[in-house]
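No value in this document is a laboratory result; all are computed from the given coordinates. Everything quoted here is computed from the prediction, not taken from an experiment. Because the Cβ atoms are built from the backbone with ideal geometry, glycine has one as well, and the counts that use them run over all protein chains shown.
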Amino acid sequence: MADLRITILYAVLVAVFQNIFGFALALLLERDTLLNRIARAAFFIPVIMSALAVGYVFQAVLEPKGAVNSLISFILGRPVEIPWLYNTSWTIVVVSVIHAWKWMGLAMLIFLAGLKTIDGEVLEAARIDGASWFQTLRTIRFPLLAPAITFNVATSLLGSMNSFDIVQATTQGGPGGTTELLNIYIVRAFGQGLFAQATAMSLVLFILVMALAFPLIWSLRRREQIL
């Protein structure tokens with residue numbers, strides 16, 4: 001049951017980070033300039049990269065003597081060895097951020113597509129009436145992004161529940177099993193010849209995904225209709 005709880009926590013964290021990062025990038029890169037086009041392409045590159053490759057790269061740079069700690073040590077002027085991938089308290093957050101980083105480019109494009117469909121005359125009328133940028137975002141743009149939000153939340157949440165590659169490459173389920181997702185457990189059980197347990201957990205994962213998918217999509221679609 002610990003693997004089930006970890007999988008749900010991981011999926012929620014990934015969905016939150018991926019959509020926050022993607023939405024922020026969409027707002028920052030909304031204007032159709034040459035620089036923004038280049039930036040969009042750069043942020044989309046991780047999406048088409050191998051998840052294992054992304055995991056191994058971050059596993060290397062987040063080592064205690066890796067590039068990230070070396071940079072922090074240089075800035076602070078003293079040795080720093082933060083155990084990014086070896087702490088039982090926050091490693092699952094670090095790995096979920098890595099997962100979100102890989103896929104935030106896709107979320108960004110979906111949000112950008114949603115922003116482009118909003119009628120500019122509606123936004124102009126709101127500005128003439130004295131609405132600030134934040135008020136326009138909160139009362140007009142964000143509600144009209146409901147279809148994009150539905151797609152991004154559903155795909156990020158359900159996709160991360162089936163995650164394996166990034167976690168396997170970075171932590172292999174450690175430290176102390178704190179990042180052992182159901183897929184990690186299933187593969188390990190098959191490797192140890194525990195076929196009955198692995199098959200049972202595969203069924204549990206399938207039921208869990210289905211149990212979350214239909215209510216989630218239904219509630220988000222209902223929200224679209226209300227808005």
Task: Two-decimal ratio, the range 1-109, of alpha-carbon radius of gyration to 2.2 N^0.38 Å - done: 1.22
Task: Fewest-first ranking of 133, 101, using other Cβ atoms within 10 Å as the exposure measure - done: 133, 101
Open item on the list: Taking the beta-carbon count within 10 Å as an exposure proxy, list 161, 210, 104, 201 from fewest neighbours to most.
Closed with: 210, 201, 161, 104
Open item on the list: Test of understanding: ordering 12, 122, 209 by Cβ neighbours within 10 Å, fewest first, what list do you get?
Closed with: 122, 12, 209
- [ ] For mean projected area of the Cα convex hull in nm², several values are listed as (i) 13.5; (ii) 15.5; (iii) 12.3; flag the one computed from this structure.
- [x] (ii)
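Give me the number: length gained by fully extending residue 133 to residue 9, i.e. 0.36 nm times residue separation minus the C-alpha to C-alpha distance, one decimal in nm.
So the extension gain works out to 41.3 nm.
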